[in-house]
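Visitor: One structure, as structure tokens, below. Some questions next.
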Amino acid sequence: MEYLLDTHTFLWFINGDAQLSKNAREAIGNPDAIKYISIASFWEIAIKVNLGKLSLDMPYNDLRQQVTDNGFEILPITFSHTAELISLDLHHRDPFDRIIIAQAKSERLILISKDGNFEKYDQLKLLW
């Protein structure tokens, strides 16, 4: 299976947060699964840290090592992702969430997220 972790999912996983569901934890922990983190998640985290809306349990630069240590791959934003973004309904206006949704749909990845708004998108495979 191939998964794309939403930003909060990534942070909850690396911090061992109890808010992460059992299903999500098992999928992420599966050594046979391919797990991606969108570069948009790092952009979102950096902006929120800079604005004081998010505090991390580690220095920001340590997030890169978390990607390596946990066997994640960083998913860049491509032209095809932005083309998918244009066709998305406006159920959700958060630009970071929208590009992550577009990436998951375009790459046919299962998106691991608790965000209830994501269920409104057709043909988006979700796990929580």
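Visitor: Mind sorting Tyr3, Tyr60, Tyr121 by how few other Cβ atoms lie within 10 Å of their own Cβ, fewest first?
Guide: On the way: Tyr3 22, Tyr60 12, Tyr121 19.
Taking fewest neighbouring Cβ atoms as first place, the list is Tyr60, Tyr121, Tyr3.
Visitor: While we're looking at this one, here's another question. Antiparallel DSSP bridges in the stretch 2-127: what percent, to the nearest 5? Present the calculation step by step, with values, prior to reporting the outcome.
Guide: Values: 0 of 13 bridges.
Antiparallel bridges: around 0 percent, rounded to the nearest 5.
Visitor: In nm, what is the difference between 0.36 nm times the number of residues separating Ser80 and Thr68 and their Cα-Cα distance?
Guide: Working: separation 12, 0.36 × 12 = 4.32 nm, distance 2.57 nm.
Taking 0.36 nm per residue and subtracting the Cα distance, the gain is 1.7 nm.
Visitor: Amide H neighbours of Leu4 under 5 Å, at least 5 residues apart or on other chains, H built in the peptide plane: list them.
Guide: Distant-sequence amide H within range of Leu4: Tyr36, Ile110, Leu111, Ile112.
Visitor: Kirkwood Rh, Cα Rg: Rg to Rh for the chain?
Guide: Details: Rg = 13.9 Å, Rh = 14.8 Å.
Rg/Rh for the chain comes to 0.94.
Visitor: Over the chain, what is the relative contact order in whole percent, taking alpha-carbon pairs under 8 Å and six or more residues apart?
Guide: Working: 161 pairs, mean separation 40.0, N = 128.
Computed value for the chain: 31 percent relative contact order.
Visitor: Any idea what diffusion coefficient the stretch 1-56 gets from Stokes-Einstein, in µm²/s, Kirkwood Rh on alpha carbon pairs, 25 °C, 0.890 mPa s? Working shown, then result.
Guide: Details: Rh = 12.0 Å.
Result for D is 204 µm²/s.
Visitor: Leu75's amide H: which non-local residues (gap 5+, or another chain) put their own amide H closer than 5 Å, with H modeled 1.01 Å from N in plane and none for Pro or chain starts?
Guide: Ile37, Ser38, Ile39
Visitor: Neighbour counts of other C-beta atoms within 10 Å: give me Thr9, Thr78, Thr68 arranged from fewest to most.
Guide: Going from sparsest to densest Cβ surroundings: Thr68, Thr78, Thr9.
Visitor: I've got another one for you. Counting each DSSP H run of 4 or more residues in the chain as -39500 (n - 2.57), what helix-only mean residue ellipticity at 222 nm follows after dividing by all residues, to the nearest 500 deg cm²/dmol? Walk me through the numbers before you get to the answer.
Guide: Working: 6 runs with 60 residues, N = 128.
Value at 222 nm, helices only, nearest 500: -14000 deg cm²/dmol.
Visitor: Something else about it: List the trypsin sites (Lys or Arg not before Pro) within the stretch 1-64 that DSSP assigns to loop and that have no more than 13 neighbouring Cβ atoms inside 10 Å.
Guide: Values: sites: Lys22, Arg25, Lys35, Lys48, Lys53, Arg64; in loops: Lys53.
Answer by residue number: Lys53.
Visitor: Whole-Hz ³J(HN,Hα) for each residue in the stretch 37-51, computed from phi via Karplus 6.51 cos²θ - 1.76 cosθ + 1.60 with θ = phi - 60°, x for glycine and proline: what do you get?
Guide: 10, 5, 4, 4, 5, 5, 4, 4, 4, 4, 5, 5, 5, 4, 7
Visitor: Just want the ordering: Ser41, Ser80, Ser21, Ser55, from fewest to most Cβ atoms lying within 10 Å of their own Cβ.
Guide: Working: Ser41 24, Ser80 12, Ser21 15, Ser55 7.
So the ranking, lowest neighbour count to highest, is Ser55, Ser80, Ser21, Ser41.
Visitor: Using a basic spin-label model with each label point 7 Å from the Cα along Cα→Cβ, how many nm lie between Asp89 and Asp122?
Guide: 0.8
Visitor: Over what distance in Å are the Cα centres of the stretch 103-128 and the stretch 2-50 separated?
Guide: Value for the Cα centre distance between the two parts: 13 Å.
No value in this document is a laboratory result; all are computed from the given coordinates. These figures come from a predicted structure and were not determined experimentally. Neighbour counts run over all protein chains shown; Cβ positions are idealised from the backbone, glycine included.
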